[in-house]
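Engineer: Handing you this structure, nothing more for now.
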Amino acid sequence: MGLLFGTLIVESRGGRTIICKNTDKKIVKKAKQIVDVYKEKVREKRTETSISTHEDPLKILKIRLAKGEITKEQYEELKKILES
């Protein structure tokens, strides 16, 4: 038959580690699938962001204005530079 129980170890970036011993093997497998999907989504988002931001400097400028990182005056000045 095979192993019915496994150990689930989850480590976070904050340094916290969760260890669940004698966990149903199906749960361990499902948790791994969820983590793998999450990692892939994060990787896709990073790639998507890096591609779009490299292609459109004006878009980056608009985003920075929307986030409040620059003032409207700074936006207008930088926009003129980019468009010239």
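The values are calculated or read from the model by the stated rules, or taken from the named source; none is laboratory data. What you see is a predicted model, and the numbers here were worked out from it, not measured in a lab. Heads up, the Cβs are rebuilt from the backbone with ideal geometry, glycines too, and the neighbour counts pull from every protein chain shown.
Engineer: K26 - would you say it is loosely packed, with under 12 Cβ neighbours inside 10 Å and either modelled with pLDDT of 70 or more or not in a loop (DSSP other than H, G, I, E, B) (or both)?
Structural biologist: Values: loosely packed, with under 12 Cβ neighbours inside 10 Å: yes; either modelled with pLDDT of 70 or more or not in a loop (DSSP other than H, G, I, E, B) (or both): yes.
For K26, the condition - loosely packed, with under 12 Cβ neighbours inside 10 Å and either modelled with pLDDT of 70 or more or not in a loop (DSSP other than H, G, I, E, B) (or both) - is met.
Engineer: Out of (1) over 21 Å from the mean Cα position of the chain (by Cα); (2) modelled with pLDDT under 85, the odd one out for R46 is which?
Structural biologist: Among (1) over 21 Å from the mean Cα position of the chain (by Cα); (2) modelled with pLDDT under 85, R46 violates only (1).
Engineer: R13 versus (1) part of a helix (DSSP H, G or I); (2) at pLDDT below 80; (3) basic (K, R): which is the lone unmet condition?
Structural biologist: Against the list (1) part of a helix (DSSP H, G or I); (2) at pLDDT below 80; (3) basic (K, R), R13 comes up short only on (1).
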